[in-house]
Amino acid sequence: MLTTELQLLLKKAIKQVSENEPEIIHLEETPNPEFGDFASNEAMKLSKKMGENPRIIAEKIIAAIPQNSVIKKMEVAGPGFINIWLHDEIFNTAFVELCKLIKSQSFGHLNTGKGKTAITDSSHPNIAKPMGVHHLLSTIIGQAINTLLSRSGYTVIRDNYIGDWGTQYGKLTYAIQTWGDMETIKEDPIPELLKLYVQFHDEAEKDENLLDKGREAFRKLEEGDQELNTLWQWIRDVSIDHCEQTWSRLGAIFDIKNGESFYEKMLTDIIAEGQKKGVITEGNEGALIIKMDDENKPPAIIRKKDGATLYATRDLARVKYWQDELNGDLGINVVDVAQKLYFEQLFESAEKMGFTKMKHIHVDFGRMAFPEGSMSTRKGKVVLLEDVLDEAEKQALQKIKDHNSELSEDDQKELARKLGIGAIKYNVLSQSRNKNYTFDWDVMLSFDGNSAPYLQYAYTRTQSILRKAPEFKTQNSLLLTPNSSEERSLLKKLLNYEPAIQRSLGEYKPNLLCTYLYELAQTFSTFYNNLRVIDEQNPQTTANRLKLVESTGYILKNGLEILGIEVPDRM
Ligand code: ARG
């Protein structure tokens, strides 16, 4: 494709003028023809690495690009942009090619990960309590990253490292056995379990001994106590059932849901192995630790002084499992930025233990902030994820009704589901994941501006145009109208779809794809508002414009699919 060709030309030139070979070349379509057709900021990116003036680097890159049939002219602009003008005929060739490609199965699929296995870990709630709205983040971002990976050719194994083991289950089983009534709990397990967990912490504030009792119960669980394990297994089953409902509403699918408990049986051997290797050593008061190379970094604690294992111990076993049993090349954990240090410790520990050859990445995201202040499950204060989904669908349905929808009652509900869930997903994905999220209903359910419903609406508009003009669909002589900047802008945007996927995966940032899709919808809107698509007098133009509309629809749908957002055919 045209953009691939341009990327390749730039890549070769960059390699010539510097030692660098950027994996992904960024090409921006220029909004104003005065600045060419595409612009690249690669020289500016190189400037830091090379310690040279970006404008000079840009000159060098331009000089290193050989004569070719695509580029008409190049110029250095501003602080060091490379502006690129293309030959007019090239656009027609690219257009014909795009129309062909779009029909093929491989469109929107890259092969950067071909032959490699990526294992991801996302959602991973701690169970025995309802999923909170903050669980949306890892679940939704993880889902988009899973699709980005598989679209890039990776074999993807979607793990969900459920928090189903640890001292908290000692506390909970203790609370159940002390204050709980199984009849009542079974009637409505999740809220009852949460209540008991909260009660444990309330009581522990008055009686410190309770914390020891909780730890004691967990130790017994770890030692295989029959009664406690049966109770725990039941808790796990009802909890997973509860989570499944939410995952299914979000369309989140997992291949593995082992959870922390699965790794329990490997821990003794791992600890023994680490001690033998001298990697696991004794820390304070008989705890076992792994020291970090950087002395300023706290060590990873592998076993507590009372002999109980920890979150990190089990995670270490998981890393080993991913390598040994799943044979991964790339490992990704989509987890809150609060665990940044934790993951550094974990990856370093795993390396020291000789457990892993995989490349590990902690794809971190900001925390979710609430207007009324932070949530805490210990105190039982939590915005329930389920409620958020319900509310989103409800508000979407109301908006549909306000617009006097002609759809049947059932279709309205189905549309509300797609819009409501889509709005939430897009809201999460379109923000840079490095920032904190502020939970705000109005933003989440905005129907205009940069939102899922806006993109879904743009898609339905493409479909309604195509429905109106079936007789033109078969026309296949394609030629852009000379001098139509709207056609050219739209085409350039369409050609930049695969690079947008590349970039989005390259940085594990679904928001880059969101931005692309939003801009595509805007460019389409300008095209549609300024040009007549269906012109009876001019079948050639009509056919071409319909092809552009069709391609836009296709890419919007294809891109939203990566984000896990469903598109309706009409709204
Ligand atoms: N269950 C953990 C929590 O809620 C998150 C697990 C993240 N994944 C991991 N491999 N540690 O904090």
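The values are calculated or read from the model by the stated rules, or taken from the named source; none is laboratory data. None of these values were measured; they are calculated from a predicted model. Here Cβ is always computed from backbone atoms with ideal geometry, including for glycine, and neighbour counts include all displayed protein chains. Each accessible area value is taken on the protein alone, full model and side chains, heavy atoms only, with ligands, DNA and RNA left out. Shrake-Rupley method; radii C 1.70, N 1.55, O 1.52, S 1.80 Å.
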Describe numerically, in nm with one decimal, the distance between label points set 7 Å from Cα along Cα→Cβ at D241 and at N32.
6.4 nm
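Carbon-plus-sulfur fraction of the accessible area of segment 181-335, 1.4 Å probe, in percent?
On the way: 3580 of 8010 Å².
With neighbouring chains kept in place, the figure for segment 181-335 is 45 percent.
Starting with the highest mean, order 5-12, 99-106 by the number of other Cβ atoms within 10 Å, averaged over the residues of each peptide. Mind showing how you got there, number by number?
Values: 5-12: 18.2, 99-106: 11.6.
Final packing ranking: 5-12, 99-106.
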Length gained when the stretch D402-D188 is fully extended (0.36 nm per residue, less Cα-Cα span):
73.4 nm
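Multiply the residue separation of D207 and K276 by 0.36 nm, subtract the distance between their alpha-carbon atoms, and state the gained length in nm to one decimal. Let's see the in-between values first.
Numbers: separation 69, 0.36 × 69 = 24.84 nm, distance 4.03 nm.
That works out to 20.8 nm of additional length.
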Residues in segment 3-17 that a label on S104 would reach, taking backbone N under 20 Å of a point 7 Å out along Cα→Cβ
3-9
Would you list which lysines come within 28 Å of K220, measuring only between C-alpha atoms, while excluding same-chain residues fewer than 8 positions from it?
K129, K171, K186, K195, K206, K257, K265, K276, K304, K305, K320, K379
Choose one of G115, F91, I127: the residue whose Cα lies farthest towards the positive end of the charge dipole of segment 69-137 (beta-carbon charges +1 Lys, Arg; -1 Asp, Glu; about the Cα centre).
I127
Exposure ranking of T167, T268 by accessible area [1.4 Å probe, largest first]:
T268, T167
Using only Cα atoms, find the angle between the long axis of helix 2-17 and the longest principal axis of the chain, and express it within 0 to 90 degrees, rounded to the nearest 10.
80 degrees
By average Cβ neighbour count within 10 Å, what is the ranking of 74-82, 557-565 from highest down?
557-565, 74-82
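May I ask which of K103/K492; K413/K557; K11/K72; K73/K492; K12/K72; K11/K435 have a Cα-Cα span longer than 22 Å here? Mind dumping the intermediate values first?
Details: K103/K492 18 Å; K413/K557 20 Å; K11/K72 18 Å; K73/K492 17 Å; K12/K72 18 Å; K11/K435 31 Å.
Pairs exceeding 22 Å: K11/K435.
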So how do 183-193, 204-214 stack up, highest first, on mean other-Cβ count within 10 Å?
183-193, 204-214
Which listed residue (M292, M266, L316) has the Cα farthest towards the positive end of the charge dipole for segment 259-324, taking +1 on Lys and Arg C-beta and -1 on Asp and Glu C-beta about the Cα centre?
M266
Can you pull the one-decimal nm distance between simple spin-label points at Q177 and A469, each 7 Å off the Cα toward Cβ?
7.3 nm
If you line up the long axis of helix 311-324 against the longest principal axis of the chain, both from Cα atoms, how many degrees apart are they, to the nearest 10?
50 degrees
Rounded to the nearest 10 degrees, what's the angle between the helix 135-151 long axis and the longest principal axis of the chain, both from Cα atoms, 0 to 90?
50 degrees
